[in-house]
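Where a number appears in this text, it was derived from the coordinates with a stated rule and is not lab data. Treat the numbers as computed from the prediction; the structure is a model and nothing was measured. Ideal geometry is used to build each Cβ from the backbone, glycine not excepted, and the neighbour counts take in all protein chains shown.
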Amino acid sequence: MNAPVSISEILTSELALLPGINFDLMCFHSYKAVLAFTEDLRTFLKTEKGRVLATFPGDDRAVIGQDLKAMHDVARQLIDDVLVSDVPLLYSPGQIGLAALMVANEQVQLEGAISINLLGYVQHRFDQGNKESAEIQSKLPEIFVVVKGLKDGLNGCGNHNVDMGALKAVHKKLKRCRAWGVSEKKTKKKRKGDDGIGETVEPDLKKVKSEQE
Amino acid sequence: MTDFSHSTQLQQWIYTPQLLQLSRKKANRLARQYLCSEPAPNQPVFDFARGFNKTDEGLENGPAENRTGDPFLTPEEEGRLVDFYAAKLPSLIGPLAQLPKLRREVKVSATAALLFRRFYLSNSVMIFDPKAIMVASAFLATKVEDAMSPVRVLTGTLLTYDFIILASVLSVFSMTIKHSNILSCPDSLTFTNRFNILKKGPNS
């Protein structure tokens, strides 16, 4: 952060932030879902039904917890991208968690590790005919694509592929039409006068008010 | 602990991509209208994005230029800025924070990013400084996730020891101004009337 935000700015912004999100403060995230699904997979893949879902390249043995670690870790990294993107506003944390596991599974599979049929897992694990189960099965392929697209900077993920040029242009445009910061009139005056001063500090109106009192 | 199936996140804050777009468009239009009207002392805070489901709304763009003839940002350009600042949040707070004092569990940065995005669904970067809102959402997230951090730490870049003392003296000073300001300002009192957190908890 090159220009720190002052305490008064933080506190006033917080007062705007709270009504802006309608005081809905509680958030659920996908990290827990990833962990819970991994834990469940660990036990489920040992059962009769689950055994067929996991395949090792050229190896036939029972799944142990350690096999799933790579997939879990990759999925957590994917969630790091998810949380700064639009995705939490589009799907529930459980759905995202499962999709992240699928993407991670595909990735570790390429590296020669265990491969798990996660769609099969969902079909076997949850009641058929259950409304939510049907919903997640129909949505999973879609979320899978969305989560996969994050590392290309799609869906509002600002961690990758950021076009800094375009961003600077937006910022420049914003300076001329925003309600906060240096007012339009002032920038114009500044431009006529001395260009070397650069950005002026915004006069804190409230502070001035209280000093007058 | 509240169940997700009864949470406001599931019931009010999950959209289709199309609704997201429309909500941002509406926020952009309202901001344009506000910036074209006579300047009011307090900026309006909108919260229509909660449970937003009007597909028939937000087809027009609103005025294209402000009173001095400068063009407004489009919803896409606003989105770019919001994405950028949201992506900066994990480096401000959370396990990857630059300041060791701000290292927190990962859920703190996740909550901060989600609150930040929810705010900009119904509000515009042209009215609220995204950087200030970003830090405010980080501050709020530390409180929501029960990993409180002093607001003073959040203001700062890396400070040397002397500067920390100086900054704390200054911050106490500006805090007192701030509090008296909030209490004396009647406009802010309308906010306090809206602090019905207990009624509008995650269960509602």
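Taking 41 Å as R0, compute the FRET efficiency from the Cβ-Cβ separation of B:ASP3 and B:ASP70 and round it to 0.05. The computed FRET efficiency comes out at 0.25. Decide, for region B:8-91, between rounded, prolate and oblate: order the square roots of the alpha carbon gyration tensor eigenvalues as a ≥ b ≥ c, take rounded if a/c falls under 1.5, and otherwise choose prolate if a/b is larger than b/c, else oblate. Prolate. Charges were assigned to the Cβ only: +1 to each Lys and Arg, -1 to each Asp and Glu. The resulting dipole of region B:1-96 about its Cα centre is roughly 100 debye. For the residue pairs A:LYS148/B:LYS26; A:LYS139/B:LYS26; B:LYS101/B:LYS131; A:LYS131/B:LYS131; A:LYS32/B:LYS26; A:LYS32/A:LYS148, alpha carbon separations beyond 31 Å are given by A:LYS131/B:LYS131; A:LYS32/B:LYS26.
Which net charge results for the neighbourhood of B:PHE128, defined as the other residues with beta-carbon distances under 12 angstrom from its beta-carbon, given Lys and Arg at +1 and Asp and Glu at -1? Residues near B:PHE128 contribute -2 overall. For region A:51-98, a crude dipole built from +1 on the beta carbon of Lys and Arg and -1 on the beta carbon of Asp and Glu, taken about the Cα centre, is about 200 debye to the nearest 20. Subtracting the Cα-Cα distance of A:ALA169 and A:LYS46 from 0.36 nm times their residue separation leaves 38.7 nm of extension gain. The overall shape of region A:44-118 is prolate: from the C-alpha gyration tensor, with semi-axes ordered a ≥ b ≥ c, the ratio a/c is 1.5 or greater and a/b exceeds b/c.
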